[in-house]
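Quick note: the coordinates plus some simple rules give every number you see, no bench work behind them. Source: prediction; values computed, not measured. Every residue, glycine among them, receives a Cβ derived from its backbone with ideal geometry; neighbour counts consider all protein chains shown.
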Amino acid sequence: MNQINKQPIIQEKIRKIRQDTIKKVKIRSPNNDLNKPVAFWTKPDRLLNEVGNELTIILRTRGCEWALGDNGGCSMCGYIRDANIDHVNSQNIINQFDFAFQNSLDKIQNDSRPFIVKIFNSGSFLDDTEMPKTAREYVYKKIAQTKNIKELVIESRSEYINHENMDKIKNFLPNKYIEVGIGLETVNDYIRINYINKGFKFNDFQEVLKICRKYKVGVKAYLLFKPPFLSEQAAIDDCKKSIKKLLEIKINSISINPVNIQKGTLVEYLWFQNRYRPPWIYSIITCLKESLQDKNFETTRILCDPSGAGTNRGVHNCLNSDCNKQNLEIIKNFTLSQDINELNYSPQCFCKKRYELNLLQ
Ligand code: SF4
Ligand SMILES: [Zn+2]
């Protein structure tokens, strides 16, 4: 893997903020219940070819190696606050998964619509130090045995994706559609490395994509909408370029994630200083409208399910809750239907003018 040797200028600051956060997490939560997940829920979601339901399970592991190590992690990511920092063993992780899975099994088995299961661990599912092999295999077996689950999504940094673990996942789940979510964030190496501190190049991502394709495992690329140090307009342009490139290489799914201000991050530090504003919802709609054509949906699923949407810390327009609600509804309807016509509806609000005047900030 072609890791970046030259350190981005912001890395020192990120590392300092991260170390402070890790210290606080250790003091705050010495008694985490390691037999229960951080969270789990079910709700409607877009499956490959239809509308279905998702079961999302967030497991507590030691946390992302990239954030725990000397690199300090990514500038917008505060997931380390959900981590245990110290090692979490296989049995604990299995108990966490079982707690969520058993509590949702009735729903999965009795719903007329199929399920997609998303297992997130605020890091890399394929990193053995975070997610021991036995726990991974336990999850695969349970999913394989459950008929109404059609798809499984896991997340991993690209350096942990290899022939061995792709072969394994495919062997355990020959009849399910599997997708690995990778935080590519942008196709622009300069932005990814210097503004996000992601530590890998687009070429590395493409190498990993080849491996996944060999095993018929799908790849979902996460795009970060409005990384720090970009204006609103630059964010739209960056995301449009990324979508264009990813459509060209016929990626399986693109998930657009507008920045939300997570605690204990460089982005939060900039936000406190008024040097960062989360993106406007208008920008997401513009970006989708200007990037997509009907034919794109033959190869690629386009998703956007923003966290913290409509709040000060998340993607939002003005303080008028109707304005946020109506515009977010457009994105939600588009994601579920995969129909670009949903993007044409344009609710009116006084803030649109202010938005247009602030595009270059
Ligand atoms: S975004 Fe992903 S790779 Fe970056 S610090 Fe967070 S969990 Fe780790
Ligand atoms: Zn408004």
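Each Lys and Arg adds +1 at its Cβ and each Asp and Glu adds -1 at its Cβ; summed about the Cα centre, region 11-357 shows a dipole of about 320 debye.
Distance between the modelled labels on Ser307 and Ile27, one decimal in nanometres: 2.4 nm (7 Å Cα→Cβ projection). If R₀ is 41 angstrom, what is the calculated FRET efficiency for the pair Phe272 and Asp167, using the beta carbon separation as r and rounding to 0.05? E(calc), rounded to 0.05, equals 0.35. Could you tell me whether region 89-194 comes out rounded, prolate or oblate from its Cα gyration tensor? Rule is a ≥ b ≥ c as square roots of the eigenvalues, rounded for a/c under 1.5, then prolate if a/b exceeds b/c, otherwise oblate. Since a/c reaches 1.5 and a/b is larger than b/c, the shape of region 89-194 is classed as prolate. Each part gets one Cα centre, and for region 202-225 versus region 250-325 those centres are 22 Å apart.
Charged side chains reduced to their Cβ positions (Lys and Arg at +1, Asp and Glu at -1) give region 192-286 a dipole of some 400 debye around its Cα centre. For Gly314, the amide hydrogen comes within under 5 Å of the amide hydrogens of Ile261, counting only partners 5 or more places away or on other chains and with H modelled in the peptide plane. Our coupling estimate for region 35-40, obtained by passing each phi through the Karplus curve with A = 6.51, B = -1.76, C = 1.60 and θ = phi - 60°, is 9, 10, x, 4, 6, 7 Hz, Gly and Pro reported as x. Between the residues Val38, Ser291, Ile108, the greatest Cα displacement towards the positive end of the dipole of the chain, with unit charges on the Cβ of Lys, Arg, Asp and Glu, is found for Val38.
Please give the residues of region 304-332, grouped as numeric ranges, whose backbone N is less than 11 Å from a label point set 7 Å along the Cα-to-Cβ vector of Lys353. Once the point is set 7 Å along Cα→Cβ of Lys353, nothing inside region 304-332 turns out to lie under 11 Å by backbone N. Taking a ≥ b ≥ c as the square roots of the Cα gyration tensor eigenvalues, with a/c under 1.5 meaning rounded and otherwise prolate when a/b beats b/c, else oblate, which class fits the chain? Rounded, since a/c falls under 1.5.
Pick out, from Val25, Gly123, Ser231, the residue whose Cα sits farthest towards the positive end of the charge dipole of the chain, with +1 on the Cβ of Lys and Arg and -1 on the Cβ of Asp and Glu. Checked the options; the winner is Val25.
What Kirkwood Rh does region 177-282 have if only Cα atoms enter the pairwise 1/r average? Answer in Å. Mind showing how you got there, number by number?
On the way: mean 1/r = 0.0690 Å⁻¹.
After inverting the mean inverse Cα-Cα distance, the result is 14.5 Å.
With a Förster radius of 22 Å applied to the C-beta separation of Ser112 and Tyr345, the computed FRET efficiency comes to 0.15. Restricting the calculation to Cα atoms, region 205-361 yields a radius of gyration followed by a Dmax of 16.0, 51 Å.
With both labels modelled 7 Å from their Cα along Cα-to-Cβ, the Lys241 to Cys318 distance reads 3.3 nm.
Sum up the charges of everything whose Cβ sits under 13 Å from the Cβ of Gln326, counting Lys and Arg as +1 and Asp and Glu as -1, but leave Gln326 out. Residues near Gln326 contribute 0 overall.
Listed peptides 54-63, 116-125 appear in the order 116-125, 54-63 once ranked by packing, highest mean of other Cβ atoms within 10 Å at the front. By its C-alpha gyration tensor, with a ≥ b ≥ c as the square roots of the eigenvalues, how is region 42-119 shaped: rounded for a/c under 1.5, else prolate for a/b larger than b/c, else oblate? The shape class here is oblate. Once the Cβ-Cβ distance of Ala144 and Asp294 is raised to the sixth power relative to R0 = 25 Å, the FRET efficiency obtained is 0.10.
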